[in-house]
1. Hey, among Arg5, Arg32, which residue is among the charged types (D, E, K, R), over 20 Å from Leu207 (Cα atoms) and at pLDDT below 95?
2. Of all residues being among the basic types (Lys, Arg) and farther than 17 Å from Leu196 by Cβ in region 119-143, which is least open to solvent (accessible area, probe 1.4 Å)? Just the residue, please.
3. How do the helices (runs of 4 or more DSSP H) wholly within region 1-95 filter down when requiring 3 or more residues that are open to solvent by 100 Å² or more (accessible area, probe 1.4 Å) and either among the β-branched types (Val, Ile, Thr) or more than 25 Å from Ser215 (Cα to Cα) (or both): which remain?
4. Looking at region 3-24 only, could you name the residues that are more than 22 Å from the chain's Cα centre (by Cα) and among the polar types (S, T, N, Q)?
5. Residues in region 203-226: is at least one farther than 30 Å from Ala174 by Cα and open to solvent by 40 Å² or more (accessible area, probe 1.4 Å)?
6. Kindly list, by first and then second residue, each pair from a residue in region 173-193 that is closer than 20 Å to Leu217 by Cα to a residue that is open to solvent by 40 Å² or more (accessible area, probe 1.4 Å) and assigned to a strand (DSSP E or B), limited to pairs with Cβ atoms under 8 Å and residues at least 6 apart or on different chains.
7. I need the full set of residues from region 168-195 which are closer than 24 Å to Val244 by Cβ and in a loop (DSSP other than H, G, I, E, B), in order please.
8. Tell me which of these Ser164 doesn't satisfy, since it passes every other one: (1) part of a helix (DSSP H, G or I); (2) touching a Phe, Trp or Tyr at 6+ places or on another chain (Cβ under 7 Å).
Amino acid sequence: MTGIRIEKAESWGHLQDLLFSASWNEQLGRFRSPGAFRGLSDADYRLDTTLIRLGGPFKQLEHHLLRNFIKYAHRDVVERDSYWHWLSVAQHHGLPTRLLDWTHSPFVAMHFATANMEKFDLDGVIWCINYERCHTLLPEPMRQRLVKEGANTFTTELLAQAVSSLDQLDGMSADPFLLFFEPPSMDDRIVNQFALFSVMSDATLGLDAWIGRQSDLCRKIIIPAGLKWEIRDKLDQCNVTERVLFPGLDGLSRWLHRQYSPKRR
């Protein structure tokens, strides 16, 4: 992945400086970051979607996966909901899709980079993509939809007005493009994680490959293994935990399990 900007956090404070470094918006006179953040416990993890990780003829299976999800999930999702609403629900509940999970919150990304204690001997990573600049590369009809709305990212409703399905998305441009949209607030987990999804116009193209072509839009911030415990403890004190990000008994149990586990070297 040539040309990618790689930065390494040296401390808790330095990590925050790196994550918020591009947040000043001169036009607004406010600190409003245009960044999408994704935290991973292992810096060597690829940015592959669950659909790509499915393997086999996954591109041909994509339509069948969603079609059957909609058929069997019908009692839980109303029929008038848009295609992108269905796809969001499917991704949220673990169906292999071409979507990738991101967050508007650097602290939520820090959580996901430091939540897995089994990976504390490995460097973590937070990926940052400038989604506003990313959207300037969209096909003109989609870009104009955002401009007309005065928005910097899509909602499921706004996206449905621009493109009705993945099949239509596939045929919009010969050059692969990436877009971001915010899922509907279907539960507290989506809300508390300040979530958004990315979707590639080419389901066979991993995000690593796209970033290799648009490296000026992306940063890779390395969290050294030796810094993970400090970050984790300070996030816990800030109440950025599984108990908050995964509301319910499952999240509570995961938080307590980690809280009362001994420190491992």
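The values are calculated or read from the model by the stated rules, or taken from the named source; none is laboratory data. These numbers were taken from a predicted model, which means no experiment stands behind them. Note that each Cβ is placed from the backbone with ideal geometry, even for glycine, and that neighbours are counted across all protein chains shown. Heavy atoms of the whole protein, side chains included, go into the accessibility calculation; ligands, DNA and RNA do not. Shrake-Rupley method; radii C 1.70, N 1.55, O 1.52, S 1.80 Å.
1. Exactly one of Arg5, Arg32 is among the charged types (D, E, K, R), over 20 Å from Leu207 (Cα atoms) and at pLDDT below 95, namely Arg32.
2. Narrowing region 119-143 to residues among the basic types (Lys, Arg): 119, 133, 143.
Add one more test, that the residue is farther than 17 Å from Leu196 by Cβ, and what stays is 119, 143.
Values: Lys119: 50, Arg143: 71 Å².
Filtering first and then ranking leaves Lys119.
3. 58-72
4. Ser11
5. yes
6. If the second residue must be open to solvent by 40 Å² or more (accessible area, probe 1.4 Å) and assigned to a strand (DSSP E or B), the pairs left are Phe181/Thr155; Glu182/Thr155.
7. Hits for region 168-195 are Pro183, Pro184, Ser185, Met186, Asp187, Gln193, Phe194.
8. Tallying (1) part of a helix (DSSP H, G or I); (2) touching a Phe, Trp or Tyr at 6+ places or on another chain (Cβ under 7 Å), Ser164 fails exactly one: (1).
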